Amino acid sequence: MKNAMFVTLCIIFVLQISTSISAQEVVLPSVIDTNKIYRVELKEGSIFIGKIINRDIGTITMKTTAIASLNISIASIKTFTAIEQENIKEGVFWFPNPNATRYLFGPTAFSLAKGEGYYQNTYLFLNSFNYGVTNHFTMGAGVEIISLFGGYDSDGPTPIIFLTPKYTWNLDPKWNVGTGVIFVSIPNFDSETSKRNSAGIAYGIGTYGNIEHNLTLGLGWGFVESEMMEQPIVTFSGMTRFSKKTAFVTENWLVPIDGEIYGIYSYGIRFFGEKIAVDLAFLNNPEIFETMFIGVPYIDFVVKF
């Protein structure tokens, strides 16, 4: 019962954050670069892309490819975003990758902006929320929900719960680095003294590229309770966008187990819109290949808010 209440409160908390963000009035920068291209979304749903040619106290004047002079009330603006030149392809706007902070499960060294967040669902039963506390610090939390439908002990459901804090730094336009922890709380049904075990990975990562095309290398040290692994886990992953709504994603892990290296590899396609992304991928290694050459199917979706 306590765990079910915890999950419910987390969901309510995230929904309140999302509601408060959408209710806030947009704050325009004090100085608007007239040479940049901006995307302006109005509260009633209209979207305009172009340059800002004038700004008054309560209005901005915008020039688009179709309209030479468009006056917009600042109070009517929902979002106001500068567009990078790389998101303009042959005169057509490509919205930024909505899920750039993560590959399938493993992270990139990009962070959510302050106030941004997303909900991720994997295999329908694994749920997580991530929220940009600052422009450099992202906090995530998740839970699997299968155990919520049946009690495992006298106290009721005991789901797997995980936390994923991450801190990132931008070194230059091409390099970002980050550090974080994937912490997992797992039910322990064999012990009478402790009902849960803790495990996870403390990691450091470096990402080269931008949010549309990037490669990430990471080292992580796994731990179970207070015991830390002597050898690091190595991850290498990548993402490249090849059309307006699709990208190729790969995430790979090399895990030392009993003196040997156990590899897990993945490859798949990410389909996305402006606020949603869906991953269709396969997990594979030599053992899986022997019985299922294409790999084990993997599916998740992300909704950004």
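No lab work stands behind these numbers, since they all come straight from the coordinates. Treat the numbers as computed from the prediction; the structure is a model and nothing was measured. Glycine gets a Cβ as well: all are built from the backbone with ideal geometry, and neighbour counts include every protein chain shown.
Please list, in order along the range 166-176, the HN-Hα scalar couplings obtained from phi with the Karplus expression 6.51 cos²θ - 1.76 cosθ + 1.60 (θ = phi - 60°), rounded to whole Hz, x for Gly and Pro.
8, 10, 10, 10, 9, 8, 7, x, 10, 10, 10
With a/c under 1.5 counting as rounded, go ahead and sort the range 29-83 into rounded, prolate or oblate using the C-alpha gyration tensor (a ≥ b ≥ c being the square roots of the eigenvalues; past the cut-off, prolate if a/b is larger than b/c, else oblate).
rounded
Explain nothing, just the number: relative contact order of the range 29-83, from Cα pairs under 8 Å at least 6 residues apart, as a whole percent.
37
Name the long-range amide H neighbours of residue 114: under 5 Å, sequence gap of 5 or more, or other chain; modelled H, no Pro or chain starts.
Correct list: 135.
In 20 Å bins starting at 0, how do the alpha-carbon pair distances of the chain split up by percent?
That works out to 27, 55, 17, 1, in percent per bin.
Summing Lys, Arg as +1 and Asp, Glu as -1, what charge do residues with Cβ under 12 Å from the Cβ of residue 99 carry, residue 99 excluded?
Net local charge, residue 99 excluded: 0.
In what order do 293, 282 fall by count of nearby beta-carbon atoms within 10 Å, going from fewest to most?
Least to most surrounded, the residues fall as 293, 282.
Less than 14 Å Cβ to Cβ from residue 51, Lys/Arg counted +1 and Asp/Glu -1: what total charge do the surrounding residues give?
Cβ neighbours under 14 Å give a net charge of +3.
Amide H of residue 188: which non-local residues (sequence gap of 5 or more, or other chain) have their own amide H closer than 5 Å, using H built in the peptide plane?
Those lying under 5 Å, H to H, from residue 188 are 196, 197.
For the chain, the longest stretch holding no trypsin sites (Lys or Arg not before Pro) located in a DSSP loop with at most 14 other Cβ atoms within 10 Å is which?
Free of exposed loop sites, the longest segment is 44-113.
Arranged by the count of other C-beta atoms within 10 angstrom, fewest first, what order do 279, 172, 300 take?
172, 300, 279
Given the rule -39500 (n - 2.57) for each run of at least 4 DSSP H residues, summed and divided by the residues of the chain, what is its mean residue ellipticity at 222 nm, to the nearest 500 deg cm²/dmol?
-3000 deg cm²/dmol
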